[in-house]
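Reading through the structure tokens given below for one structure.
Rule-based calculations on the coordinates, nothing more; no lab input. Small disclaimer: the values here were computed from a predicted structure and weren't measured. We place every Cβ from the backbone using ideal geometry, glycine too, and count neighbours over all the protein chains shown.
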Amino acid sequence: MRPSGRNLSQMRPISIETGVMGHAEGSCLIRCGNTHVLCSATIEENPPRFLKGTGLGWVTAEYGMLPRATNTRNRREAAQGRQSGRTQEIQRLIGRSLRAGVDRVALGERQITIDCDVIQADGGTRCAAITGGWVALRLAVGKLLKAGIVTSDPILDHVAAVSCGIYAGQPVLDLDYAEDSEAGTDGNFVLTGAGRLIEVQMSAEGATFSREEMAKLLDLAEAGMAELVAAQKAAVA
């Protein structure tokens, strides 16, 4: 039995509210159970220096967690003068994942920055950030298309992510914190809407996992992706 009472293959409730930030070119608040992440997209007409003259666009991301997103207060990283290694790793993952779903030639020489701020954390924050970040990106690109600034849609496919793991000896979908903190194996799966893999992060904590178990987790992730993509489609419709 899972702590939440969910079935092994049951996702947490998903909701995506768009237009929550009036000044951003695209924004949403994604809720995956008790994990809530605010995502916004900012379009800048100047690409990074290393892309000047290449004709290629860029999508990057920044990630942060508010001090009381968790049970105890975390110090703001700005107050400490540097980002943690965890924060840097997560925001690079978000950027890599979203770029995989973008035609950078069609985007043109401009940069879109996706900001992901965790308001409340209950496991799977990086996955929620990727899923919600895609919605903010889709909305921002839609404005470029509507204004005629780009003529070909740079968005190639949906991009979303979900966590899966081995909890109490059973493969489970969409880990919350209670499960993630006790899971013998956990992984984050980033996929396109067509089911193509972008990135898989898997590790064992005190117990190894088999190829068969890994395949079962991937099957669960693919099932969860269908729900996430459906939520994305509904949000941007």
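Let me check I've understood the local charge: for residue 45, count other residues with C-beta under 9 angstrom from its C-beta, Lys and Arg +1, Asp and Glu -1. What total comes out?
Numbers: positive: 110; negative: 44, 109.
Neighbourhood net charge equals -1.
Report the net charge of residues surrounding residue 113, where surrounding means a beta-carbon distance below 11 angstrom and charges are Lys +1, Arg +1, Asp -1, Glu -1.
Numbers: positive: 110; negative: 25, 44, 62, 115.
Combined, the nearby Lys, Arg, Asp and Glu give -3.
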* Would you mind ranking 181, 40 by Cβ crowding within 10 Å, fewest neighbours first? => 181, 40
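Hey, what D do you get for region 94-168 in µm²/s if you plug the Kirkwood alpha-carbon radius into Stokes-Einstein at 10 °C and 1.306 mPa s? Don't skip to the answer; put the middle values down first.
Details: Rh = 13.5 Å.
Answer from the Stokes-Einstein relation: 117 µm²/s.
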* Separation of alpha-carbon centers, region 125-139 and region 193-208, rounded to whole Å -> 18 Å
* **Reach of residue 146 by Cα under 13 Å, taken over aspartates and glutamates that are not fewer than 8 positions away in the same chain** => 25
* Asked: When we measure straight from the Cα of residue 143, which lysines land under 24 angstrom away, once same-chain ones fewer than 8 places off are left out?
  -> 52, 233
* Structure fact -> Final fewest-first order of 119, 130 on the 10 Å Cβ neighbour count is 119, 130
* **Sorted largest first, extent of region 143-193 alpha carbons per principal axis (Å)** => 53, 16, 10
* Can you give me the pair-distance distribution of the chain, C-alpha pairs, 10 Å bins, whole percents? -> 8, 33, 35, 19, 5, 0
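Any chance you could tell me what percent of the C-alpha pair distances in region 1-68 go past 15 Å? Before the final figure, lay out the partial values.
Details: 1564 of 2278 pairs.
Pairs farther apart than 15 Å: 69 percent.
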* Asked: By how many degrees, between 0 and 90 and to the nearest 10, does the Cα long axis of helix 211-236 differ from the longest principal axis of the chain?
  -> 40 degrees
* Structure fact -> Short to long, in 5 Å steps from zero, the percent of alpha-carbon pairs of region 10-126 per bin is 2, 11, 17, 21, 20, 15, 8, 4, 1, 0
* Asked: Tilt of helix 125-146 relative to the longest C-alpha principal axis of the chain, in degrees (0 to 90, nearest 10)?
  -> 20 degrees
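Please order 39, 116 by the number of other Cβ within 10 Å, starting at the fewest. Before the final figure, lay out each step's value.
Values: 39 32, 116 25.
In order of increasing Cβ crowding within 10 Å: 116, 39.
Could you work out the percent of alpha carbon pairs in region 136-237 separated by over 24 Å, rounded to a whole number? Mind showing how you got there, number by number?
Details: 1789 of 5151 pairs.
In whole percent, the share of Cα-Cα pairs in region 136-237 beyond 24 Å is 35.
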* Virtual spin-label span in nm between residue 156 and residue 45, 7 Å along Cα→Cβ -> 2.8 nm
* Pairwise centroid distance, computed over Cα atoms, of region 220-235 with region 1-72, Å -> 15 Å
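Report the full-extension gain for the segment residue 197 to residue 103: residue separation times 0.36 nm, less the Cα-Cα distance, to one decimal in nm. Kindly include the intermediate steps, with their values, before the conclusion.
Details: separation 94, 0.36 × 94 = 33.84 nm, distance 1.68 nm.
Here the segment from residue 197 to residue 103 would lengthen by 32.2 nm.
Grab the Cα-Cα distance for residue 146 and residue 60, subtract it from 0.36 nm times how many residues apart they are, and report the gain in nm with one decimal.
Numbers: separation 86, 0.36 × 86 = 30.96 nm, distance 2.23 nm.
My answer for the length gained is 28.7 nm.
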